[in-house]
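Below is one structure, written out as structure tokens, with a few remarks after it.
The values are calculated or read from the model by the stated rules, or taken from the named source; none is laboratory data. Keep in mind it's a predicted model, so treat the numbers as computed, not measured. Note: ideal-geometry Cβ built from the backbone for every residue, glycine included; neighbour counts use all protein chains shown. Protein only, heavy atoms only, side chains kept; ligands, DNA and RNA dropped before computing areas. Shrake-Rupley method; radii C 1.70, N 1.55, O 1.52, S 1.80 Å.
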Amino acid sequence: MTLLRLILLPLVLMATAQALAAQGTQVAFGAIKQDTDLPVEVTADNLAVDQDTGEAVFSGNVVVGQGEMRLSAKRLLVVYREDTQGIERMEATGGVVLVSGPDAAESERADYSIDDGVIVMTGNVLLTQGPSALTADKMTVQLEDGTAQMSGSVKTILQTGD
């Protein structure tokens with residue numbers, strides 16, 4: 001019986017650790033909750049619009065602002081709703097930086113679903129919050145409640161004390 005416990009205990013502990021790792025890390029993101037109904041302002045060096053597909057491509061020094069949130073990238077694809085009543089989603093690529101309040105995140109790509117109020121950042125994600133930093137493969141930001149979920153190879157450096 002003791003031998004069976006010695007064999008099963010490490011297996012149970014490994015399964016529990018894997019389940020916790022699979023859940024990722026929940027963190028706060030941004031100083032305030034983001035109002036996703038606010039207008040989206042985009043500035044860039046260039047703009048190409050395709051009326052047939054309902055898409056616009058901004059390139060060169062792209063900066064997107066919505067309320068207190070700022071996102072910058074090399075390229076931004078904006079997909080409009082079929083009824084042309086507003087933006088459905090945006091896809092930012094190339095040196096993406098997302099700033100909200102004191103928090104900043106970097107990644108290779110960010111997909112922003114306007115209606116859902118969700119930004120999914122992928123590719124070497126780095127989140128800095130004051131002196132602390134977290135890295136992951138993916139970060140999903142829920143703008144309406146100001147939270148983020150990090151998953152895939154999550155690593156952190158937590159500063160303690162002064």
List the number of the failed condition for Q129; all other conditions in (1) open to solvent by less than 30 Å² (accessible area, probe 1.4 Å); (2) touching a residue at least 60 places away in the same chain (Cβ under 8 Å) hold. (1)
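Name the single residue that is surrounded by the most Cβ atoms within 10 Å (Cβ to Cβ) among those in the range 114-125 being of a type in the set (A, V, I, L, M) and under 10 Å from the mean Cα position of the chain (by Cα). Show your work before the answer.
Quick first cut of the range 114-125, residues of a type in the set (A, V, I, L, M) only: 114, 118-121, 125.
From what is left, the residues that are under 10 Å from the mean Cα position of the chain (by Cα) are 118-121, 125.
Details: V118: 16, I119: 26, V120: 17, M121: 29, V125: 27.
If we take residues in the range 114-125 being of a type in the set (A, V, I, L, M) and under 10 Å from the mean Cα position of the chain (by Cα), then M121 is surrounded by the most Cβ atoms within 10 Å (Cβ to Cβ).
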Can you find a residue in the range 48-64 that is under 23 Å from G146 (Cβ atoms) and modelled with pLDDT of 80 or more? yes
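Residue by residue, here is whether (1) in contact with a strand residue (DSSP E or B) (Cβ under 7 Å, 6 or more places away or on another chain); (2) open to solvent by less than 80 Å² (accessible area, probe 1.4 Å); (3) closer than 18 Å to V40 by Cβ; (4) not charged (D, E, K, R) holds:
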site	(1), (2), (3), (4)
L71	yes, yes, yes, yes
R81	yes, yes, yes, no
I87	yes, yes, yes, yes
S100	yes, yes, yes, yes
E108	yes, no, no, no
Y112	yes, yes, yes, yes
M139	yes, yes, no, yes
E144	no, no, yes, no
G152	yes, yes, no, yes
